[in-house]
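One structure below.
The values are calculated or read from the model by the stated rules, or taken from the named source; none is laboratory data. Only a predicted model underlies this, so the values are computations on that prediction, with no experimental measurement involved. Note that we place each Cβ from the backbone using ideal geometry, even for glycine, and neighbour counts take in every protein chain shown. When the accessible area is computed, the model is the full protein with side chains, heavy atoms only, and any ligands, DNA or RNA have been set aside. Shrake-Rupley method; radii C 1.70, N 1.55, O 1.52, S 1.80 Å.
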Amino acid sequence: MADYTVNTPRPRAERGQRWEYRLYFSVIFMLALATGVLTWSWRLASTGRVPALGPVGRAMKDAHVIAPIIFRS
């Protein structure tokens with residue numbers, strides 16, 4: 001007989017209320033954008049090469065990773 005309590009599907013992560021998620025996302029994006037611009041310009045000045053991912057792309061990537069983590073806990 002199969003034990004269905006062990007292999008049950010994981011519940012899908014909820015984002016919470018839409019406005020709350022957008023608020024957290026925008027705050028995280030602004031903080032990540034500020035640090036991303038500083039890091040991007042520092043790497044450009046120190047190595048003389050443009051990093052592959054720009055500051056806006058990196059900030060979007062960071063915000064898409066960090067914002068859902070807040071709502072999982």
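May I ask you to give the solvent-accessible area per residue for the range 19-63, in square angstrom, as obtained with a 1.4 angstrom probe?
That works out to 74 Å² per residue.
Once ligands and nucleic acids are excluded and a 1.4 Å probe is used, how much of R43 is accessible, expressed in Å² to the nearest 10?
Solvent-accessible area, nearest 10 Å²: 130 Å².
If each of I66 and L53 carries a label point 7 Å out from its Cα toward its Cβ, how far apart are those two points in nm?
Reported label-point gap for I66 and L53 is 1.3 nm.
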